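What follows is calculated from the coordinates using simple rules that are stated; it is not laboratory data. This is a predicted model, so every value here is computed, not measured. For neighbour counting, all protein chains shown are included, and Cβ atoms are generated from backbone atoms with ideal geometry for every residue, glycine included.
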Amino acid sequence: MADVLPYKPEQGEIPTEPGVYRFRDAQGRVLYVGKAKNLRQRLSNYFAPLRTLHERTRRMVTTAASVEWTVVPTDVDSLQLEYMWIKEFDPPFNVRYKDDKSYPFMAITLGDEAPRVMVTRNRKIPGARYFGPYPKVWAVHDTIDLMIKVFPIRTCSDASYKRAMSTGRPCFPGQIGKCGGPCSMTVTIEEHRAIVDDFVAFMAGGDERFTKELTKRMLAASAAMDYEAAAKYRDQLASIEAVLGKSALVLPADEDADLFGIAEDELAATVQHFTIRGGRVRGVRATTIEKELDISGADLVDQVLQRAYGEGVDIPRRVLVPSLPDDAAELEVWLQERRGRRVEIAVAQRGQRAELMRTATLNAQQALIRHKTRRTSDYVARTQALTDLQEALDLDTAPLRIECFDISHLGGTNVVASMVVFEDGLPRKDQYRSFNIAETTDDTDSMYQVLMRRLAYLDRPEPEDQADSAVVTDPLATDAEVVTTRKRPRFSYPPQLLLVDGGKPQVEAAARALRDSGHTEIGLCGIAKRLEEVWLPGEDFPVILPRTSEALYLLQRLRDEAHRFAITHQRKRRRRDISTVLEEIPGLGAARIKTLLKHFGSVAALKAAAPDAIQEVPGIGPTLAQSIHTRLRSG
């Protein structure tokens, strides 16, 4: 592969002004759109030597056949043009959004002669004011039912309204008390418009004013002994309190804000958008983002805000984000132009805002887990993942059984390993195993040891006359545990693919174990976490799977599950960790314990050491050495 791209512009050709650039392939398709405050400085990063580029950036620039740019007067103009081009061209290497669902909204059709409140998923009704989104349709209907008891506005269809106004007969919802528009023949168009304005003001956050006003009217009617009117105001007040009770006060009552909680990994991100009006969460929206290129958290926030406010939606006074994008000032100007008033982008750092951000982030993390789980549990997705793996790794058959191995340690001590098993793309938790590694030099040596122990099981001869079950010693079990197995021990089935957590060094150690055990027929690969590269033995460059591929999601879940299982096993071991035992000896502190473990190199060597050998450690005298020796032998 040439180290210089053939379409690289001359250095002097690229301007230093702000602008937007587009990479295109040989057919003219736009692959990526980006903005820059200094085009020359930004584009020079893409045309650095290919070996220095991020693997996925390298794939994008080598797929492209040309680059073009457009200079704009200001940074704000570049932001607007970038948003417009991303919407127009939908470039495959830009982040891709996928809403979890089409959310229902409450809409008030302010553009109509007699505005109507309705439930809709259509965000393009001319002149409409939207509230929400709501998680469920019934939640919108419940809110509307309560609201029209206080603010009786029109709920009937346009056809019913026109028929009623032309005939002079109330619409059917009006006859049963479900419609308060002019078509009910109870109010004029002007009076109805005033009620609609109050409805919108309340939903926009004017809670306190209406509560105080209704309370005042109720008390006045009661004092005048107009108990019928007082009861009416009491019921309206109860309806308002019921609406408010559905959303707790999370910020000061006068605060309007949008808050974005984000969770991400190397492949995807999820966003929880909390709409807060009058200090209460009025709506929640979840979005999933698939990342094709590596993108920082700040750049991701930039893209999220562009998408959230690019459709002319209601923009609040304050936008709360987990981290400020580099062009936060330009984004504020862009939002201010859309809102017509000042907008502040801020990080939620303390108090109620920080607490709400933690809640939104937790929801985003759970949504990310659900997103990954759905992709790997779907039958079609699993089949596609296994087929893609077979092709990408050049396997003879689809890897119906995959075993993934991970090494975990605590500062070089407590070295453990995990093995997780997926069959047909689904976890087989009954076949997970954990390993204790007594002595090792590094992670590659640990990986070699563990795989040799596992692969030895494949060569074990089966007993000729074995009953339905028999007690056997499992070579995989820690400390030679005695276990009961079935006729054909489950680990005598070879996997079609071994996956190791790590890059080239770990893969080469695993390949050596396959050769030494005589099982080179088993496929092997490794996945490096930082860049999600897939490494094959003997290769100088990794295999780059598309970020949206089902195969990469399956490998990622295997790796994450192996890591989780290894950490769980290590935590169990820490409960009986030697450090805990040593801390019980008078005169031994954290520094001396660390020196002891470093001197002997392993727990086993320390336990086997005589008092004289322990005494050689700096800071350990004869009495303390004897105490250590006695305590370890008795434990």
With label points set 7 Å from each Cα along the Cα-to-Cβ direction at LEU5 and ARG29, the distance between them in nm comes to 1.7 nm
Residues whose built amide H sits under 5 Å from the amide H of LEU31, excluding neighbours closer than 5 in sequence, are PHE23, ARG24, ASP25
Interchain or sequence-distant (5+) residues whose placed amide H lies within less than 5 Å of the amide H of ARG154 are VAL117, GLY180, GLY181
Sorted by chain and number, the residues with a modelled amide H under 5 Å from that of VAL281, at a separation of 5 or more or across chains, are ALA248, VAL250
Here, HIS141 and TYR227, labelled 7 Å along Cα→Cβ, have an inter-label distance in nm of 3.6 nm
Note, the range 9-16: 3J(HN,Hα) by Karplus (6.51, -1.76, 1.60, θ = phi - 60°), whole Hz, Gly/Pro = x, goes x, 5, 4, x, 6, 7, x, 9
Length gained if THR188 through LEU426 is fully extended, taking 0.36 nm per residue and subtracting the Cα-Cα distance, is 79.3 nm
Once phi for every residue in the range 57-73 is put through the Karplus expression 6.51 cos²θ - 1.76 cosθ + 1.60 (θ = phi - 60°), the whole-Hz ³J(HN,Hα) values, with Gly and Pro written as x, are 5, 4, 5, 5, 6, 7, 6, 6, 10, 7, 9, 9, 9, 10, 7, 10, x
Subtracting the Cα-Cα distance of GLN365 and GLU391 from 0.36 nm times their residue separation yields 6.2 nm
With R₀ set to 25 angstrom, the calculated FRET efficiency between the beta-carbons of ARG633 and LYS594, to the nearest 0.05, is 0.70
Here the tail fraction of P(r) beyond 18 Å, over all Cα-Cα pairs of the range 27-88, rounds in percent to 41 percent
Note, the range 424-435: 3J(HN,Hα) by Karplus (6.51, -1.76, 1.60, θ = phi - 60°), whole Hz, Gly/Pro = x, goes 6, x, 10, x, 10, 5, 5, 10, 5, 9, 10, 10
Placing each pseudo-label 7 Å from Cα in the direction of the beta carbon, GLU616 and ARG339 end up separated by a distance in nanometres of 7.0 nm
